[in-house]
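Working notes for the structure below.
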Amino acid sequence: MSHLRLPLVSLGLALSGCSGLFHSSAAEVQLYVIQSPPVVIAVHGAGPTLRLARPLPAPGLNTDRIVLTRPGNRLDYYVGARWSGPLSDVVSDLLLSVFRADPAWSAVADDRGTLNADYLLQTSVDRFSADYATETAPPTIRVDLHCLLIRRSDGVLLGSFAVSRSQPAAQNRMASVVEVFSQVADQALVEVAAQADQLLRSAKSPAVP
């Protein structure tokens, strides 16, 4: 499948400087959106259908706040910066965009739809954070996902897989941090689709005597 770019759209002015990232007296909250671009939906045949279960964020991630980790594995959040919705909604929308452009599936829906699909993809978000080795150096953005592909007719697990992607930010500025979140999420979700497709092909392949 083609590589999808998930561009960054920022609403409001980006925070800048290390002190601005961690501490701020400003009341204004800046919203950041990782949004998939308009894509040409793939021509779908009479293949299987897929339902995307609502992603399950790990403890501390089930929020619209943008998560960071400080030295010593201390979990924290950027001051005055949030995603456009809870992380589960953000990842769900991105997964839906990626799979709708995937010709391996004849139809794809998330948990807001009523599609009685052939397969179910369950995704847990184990990490979606900016990790700081020191308080001042630019962070490394990391996205870790774990997925299960289940055949709904009999509940058989076709397989599970993990996807982990990371990339350092160029600057310790909010705009740079969120831009790299976009790039890393792009890479991770495209890999999720590729691995799900591989599990589907393996399940449909004839058994070797």
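Of the residues in the range 118-173, how many are assigned to a strand (DSSP E or B), β-branched (Val, Ile, Thr) and over 21 Å from the mean Cα position of the chain (by Cα)? Reasoning before the result, please.
Going through the range 118-173, the residues assigned to a strand (DSSP E or B) turn out to be 119-131, 140-151, 156-168.
Cutting the leftovers down to β-branched (Val, Ile, Thr) gives us 123, 125, 140-141, 143, 150, 156, 163.
Retained after the next criterion (residues that are over 21 Å from the mean Cα position of the chain (by Cα)): 156.
Number of matching residues: 1.
Filter the range 92-117 down to the residues that are assigned to a loop (DSSP other than H, G, I, E, B) and basic (Lys, Arg) and list them by number.
Of everything in the range 92-117, just one residue is assigned to a loop (DSSP other than H, G, I, E, B) and basic (Lys, Arg), namely 112.
Every residue, every condition in (1) at pLDDT 95 or above; (2) in contact with a helix residue (DSSP H, G or I) (Cβ under 8 Å, 6 or more places away or on another chain); (3) among the small types (Gly, Ala, Ser); (4) closer than 21 Å to residue 192 by Cβ, yes or no:
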position	(1), (2), (3), (4)
120	yes, no, no, yes
149	yes, yes, no, yes
154	no, no, no, no
162	yes, no, yes, yes
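Mind listing whichever residues of the range 125-147 are small (Gly, Ala, Ser), over 26 Å from residue 196 (Cβ atoms) and buried (at least 17 other Cβ atoms within 10 Å of the Cβ)?
Filtering the range 125-147 for residues small (Gly, Ala, Ser) gives 129-130, 133, 137.
Add one more test, that the residue is over 26 Å from residue 196 (Cβ atoms), and what stays is 130, 133, 137.
Answer for the range 125-147, where residues must be small (Gly, Ala, Ser), over 26 Å from residue 196 (Cβ atoms) and buried (at least 17 other Cβ atoms within 10 Å of the Cβ): just 130.
Is it the case that the range 103-122 has a residue that's over 30 Å from residue 46 (Cα atoms) and of a type outside the set (Phe, Trp, Tyr)?
No; the residues of the range 103-122 include none that is over 30 Å from residue 46 (Cα atoms) and of a type outside the set (Phe, Trp, Tyr).
Touching a residue at least 24 places away in the same chain (Cβ under 8 Å) and within 12 Å of the chain's Cα centre (by Cα): does that describe residue 68?
So residue 68 fails the test.
In the set 171, 167, 195, which member is at pLDDT 95 or above, closer than 17 Å to residue 53 by Cβ and of a type outside the set (Phe, Trp, Tyr)?
One residue alone meets the criteria, 195.
The values are calculated or read from the model by the stated rules, or taken from the named source; none is laboratory data. Here the structure is a predicted model, which is why all the values come from computation and not from measurement. A quick note on method: Cβ atoms are made from the backbone with ideal geometry, for glycine too, and the neighbour counts reach across all protein chains shown.
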